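What follows is one structure encoded as structure tokens, with my remarks underneath.
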Amino acid sequence: MRTGEVQWVINHQARHAGDRKVKLTFLSKDEIDQARNFHRKFEGYQPTPCISVDQLAAHLGIDKLWVKDESYRFGLNAFKVLGASYAIGKFLAKKLSTDIHALSFESLKSQETRRKLGEITFTTATDGNHGRAVAWAAKELGQKAVVYMPKGSSQERLDAILATGAEASITDLNYDDAVRLAAENAKKFGWHVIQDTAWEGYKEIPAWIMQGYGTIGAEVQEQLQKLGIEKPTHIILQAGVGSFAGAIQGYYAELFGEERPMTIIVEPQEAACIYKSAQISDGKPHAVTGDLRTIMAGLACGEPNPIGWEILRDYSDAYFSCSDDVAEKGIRILANPLSGDMKVISGESGAVGIGLISLLRQDQRYEHLLKALKITKNARILVISTEGDTDPKSYRRILWG
């Protein structure tokens, strides 16, 4: 693939209701509202900004463009805490034989609750953001965390995890093998895995994590409705294992049915497992292998979450694989806004959606794609910047390099 180019698969079956097999009830409005109500009880909870970049929208020849900025999430510079905290909350509620409705994050911190629970160690594999979220939640609740990072992970992200008091290290494994290491050691030492991907016998916690991510969708809908807007026409979602993308896709599909926004999935070319699965088109998830080298560390995953994949398979309209420079372009666009637009500090995994829509709208080679995806001058597009500058050195290199 040449610099600045993308590969794609259009899902012509996405709008054929009879072809769907997956059920979305676990991502219904009621379930997501329950997750959001749990998050509302956190000290300092505020919905993250949904920023309308009107000048950029006009420049790209569309009606509206919104950037949901997750760099403001609980001071952790990324969205992952929504999934990790909710899954840990659900896990502890189950352990206490209590409904999550009756608990708050604050109540789980109490000495009485901690005495009932005893000492618990949570473990996970991560590029940085998810591991930091698990470690932060464990620390807040007086519990322990052990975090494994794949080779090539940044020292800055490791340091951020270590700062929570967790045990953490960069392994010589790729992401998927680091997940297996966490699962093996959990079994060996009696720890509990908090991972946003699923496998045989491990599906409940990944589903809870996806419900936690749904808080983003609920916030967006509330923010747009205050502006008198029912919904976006299009949503661009980045995918690693597909849990985040599947959560937002599932929420909107459950909320709006056949009237849901068109959804575009985007991945890095070296770790495009969702794109590969869509390309093979046998309905099954397919892995990519190797070192998974990409600057989009949060998306450097080779094996799809089967729960997320089934949702994306049945409901998403297109799947894109793109080179790293598409994400770099997105970072620079958001960091250097047109006059009148707000600056957004977005990391490599957060900015790839902006990079993609900019490329599609400004390169004549992709006019047929715009037509197929109904991206016209009336398009109202939502992009979710899932992280800020979680690797400051990389962010600076992209801006200054």
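Throughout, read-outs are computed from the coordinates displayed, never taken from laboratory work. Small disclaimer: the values here were computed from a predicted structure and weren't measured. Backbone-built Cβ (ideal geometry, glycine too); neighbour counts: all protein chains shown.
Structure data summary
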quantity: Extension gain, Ser339 back to Ala102 (0.36 nm per residue minus Cα-Cα distance, nm); calculated: 80.6 nm
quantity: Residue of Asp389, Asp341, Asp363 that the Gaussian network model of the chain assigns the largest fluctuation, springs spanning Cα pairs under 10 Å; calculated: Asp363
quantity: Point-to-point label distance, Ala372-Thr171, nm (Cα→Cβ direction, 7 Å offset); calculated: 3.7 nm
quantity: Extension gain from Arg114 to Asp291, taking 0.36 nm per residue of separation minus the Cα-Cα distance; calculated: 59.7 nm
quantity: Within the chain, longest stretch free of exposed GluC sites (Glu not before Pro) [DSSP loop, at most 15 other beta carbons within 10 Å]; calculated: 231-401
quantity: Only Lys, Arg (+1) and Asp, Glu (-1) charged, at Cβ; the range 81-195 dipole about Cα centre in debye; calculated: 440 debye
quantity: Which of Gly152, Ala207, Gly308, positive extreme of dipole for the chain (C-beta unit charges); calculated: Ala207
quantity: Cα-centre dipole for the chain with unit charges at Cβ (Lys and Arg positive, Asp and Glu negative), debye to 20; calculated: 420 debye
quantity: Furthest towards positive pole of dipole, Gly190, His130, Gly118, structure part the range 81-195, Cβ charges; calculated: Gly118
quantity: The range 283-294 - phi-based ³J(HN,Hα) in whole Hz, Karplus 6.51/-1.76/1.60, Gly and Pro as x; calculated: x, 9, x, 10, 8, 10, 10, x, 7, 6, 6, 7
quantity: Given 16 as the ceiling on other Cβ atoms within 10 Å, longest exposed-site-free region of the chain for trypsin sites (Lys or Arg not before Pro) in DSSP loops; calculated: 204-292
quantity: For the chain, calculated [θ]222 nm from helices alone, where every DSSP H run of n ≥ 4 adds -39500 (n - 2.57); calculated: -13500 deg cm²/dmol
quantity: Segment Arg332-Arg20, extension gain: residue separation times 0.36 nm, minus the distance between their alpha carbons; calculated: 108.5 nm
